Amino acid sequence: MAIDRDRIVDEALALLNAVGIDKLTTRKLAERLGVQQPALYWHFKDKSALLDAVNSAMLARYHTHRLPSPGQDWVDFTFANARSIRSTLLSVRDGARLTAGTRPSESEFADTEKVLRLYVDAGFSPAEAFGIAISVTRYVVGYVLEEQGERERSDEEADDGVNAMAEVAAFPLLSEALVPLFKTGTINTEAVFEGGLRYMVEGMKRSLAER
């Protein structure tokens with residue numbers, strides 16, 4: 001039975017959401033598609049190549065601000081791009097782990113070239129522009145890795161009746177810092193993310209201004 005490459009990727013993404021990246025196997029995917037495993041290898045030489053394609057599909061589907069809008073300045077783009085990456089990774093189960101373990105496609109290299117042009121036109125060198133782009137991306141991926149892992153731990157701790165604030169009650173500075181972040185009973189990860197992103201952008205702005 002012939003099977004379309006795009007359908008394989010779509011079903012692999014659905015399977016990822018259903019079982020997580022550790023349990024996503026070509027055997028399970030073939031069963032889901034109703035084909036034998038060799039049919040998958042006609043399109044993808046191995047599981048790594050398949051995951052590369054799934055990652056590209058995830059970004060194409062959900063990463064809505066991967067390129068600057070006409071007339072957008074680099075600061076606005078940096079915030080919008082980082083938020084879009086985070087939203088994308090959170091929209092898919094183990095999305096951060098998927099991105100961290102895959103290689104970019106040629107079209108993603110072309111997108112990166114356009115992003116670097118924005119930063120270079122703002123006054124950064126090509127090396128600095130690349131440093132900004134990679135640092136922001138890795139900040140977001142690393143943050144979401146922790147964020148998605150924290151979700152799983154929180155679910156387990158809720159079942160065990162763990163009280164996070166009670167655990168740090170003996171540490172006054174830590175308790176004071178966490179109080180506003182636990183207003184809803186769980187840590188406000190978005191507020192922490194935004195704070196870290198602002199620190200990064202302010203550093204970039206200062207570096208550019210000091211030239």
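The values are calculated or read from the model by the stated rules, or taken from the named source; none is laboratory data. Keep in mind that what you see is a predicted model, and the values were worked out from it rather than measured. Glycine also receives a Cβ, built like all others from the backbone with ideal geometry; neighbour counts cover every protein chain displayed. Remember, those area values only see protein heavy atoms, side chains included, never the ligands or the DNA or RNA. Shrake-Rupley method; radii C 1.70, N 1.55, O 1.52, S 1.80 Å.
Our coupling estimate for region 110-120, obtained by passing each phi through the Karplus curve with A = 6.51, B = -1.76, C = 1.60 and θ = phi - 60°, is 5, 5, 4, 4, 5, 5, 4, 4, 4, 5, 5 Hz, Gly and Pro reported as x.
The accessible surface of the chain, taken with every protein chain in place and a 1.4 Å probe, is 53 percent carbon and sulfur. Across region 6-82, the relative contact order, built from alpha-carbon pairs under 8 Å that are at least six residues apart, equals 27 percent. Of VAL201, VAL54, VAL140, the residue with the greatest mean-square motion in the GNM of the chain, using alpha carbon springs below 10 Å, is VAL201. Between SER207 and HIS43, the contour length at 0.36 nm per residue exceeds the Cα-Cα span by 54.4 nm. Taking only Cα atoms and a 10 Å spring cutoff, compute GNM fluctuations for the chain and point out the largest among ASN188, ASN163, ASN55. Of ASN188, ASN163, ASN55, the most mobile in the Gaussian network model is ASN163. Site pair ASP10 and VAL75 shows an inter-label distance of 4.3 nm when each label is modelled 7 Å from Cα along Cα→Cβ. The relative contact order of region 23-157, computed from alpha carbon pairs under 8 Å that lie at least 6 residues apart in sequence, is 23 percent. Between LEU173 and VAL19, residue separation times 0.36 nm minus the direct Cα-Cα distance comes to 51.5 nm. Each pair of Cα atoms in region 1-108 enters the Kirkwood radius, and Stokes-Einstein at 10 °C and 1.306 mPa s then converts it into a translational diffusion coefficient of 107 µm²/s. For the pair region 8-61 / region 163-211, the C-alpha centres are spaced 37 Å from each other. Checking every one of the trypsin sites (Lys or Arg not before Pro) in region 31-128 against DSSP loop status and a limit of 11 other Cβ atoms within 10 Å picks out LYS45.
Counted over all Cα-Cα pairs of the chain, pairs farther apart than 29 Å make up 40 percent. Considering the chain as a Gaussian network with a 10 Å cut-off on Cα pairs, which listed residue, ALA170, ALA191, ALA127, attains the greatest mean-square fluctuation? Of ALA170, ALA191, ALA127, the most mobile in the Gaussian network model is ALA170.
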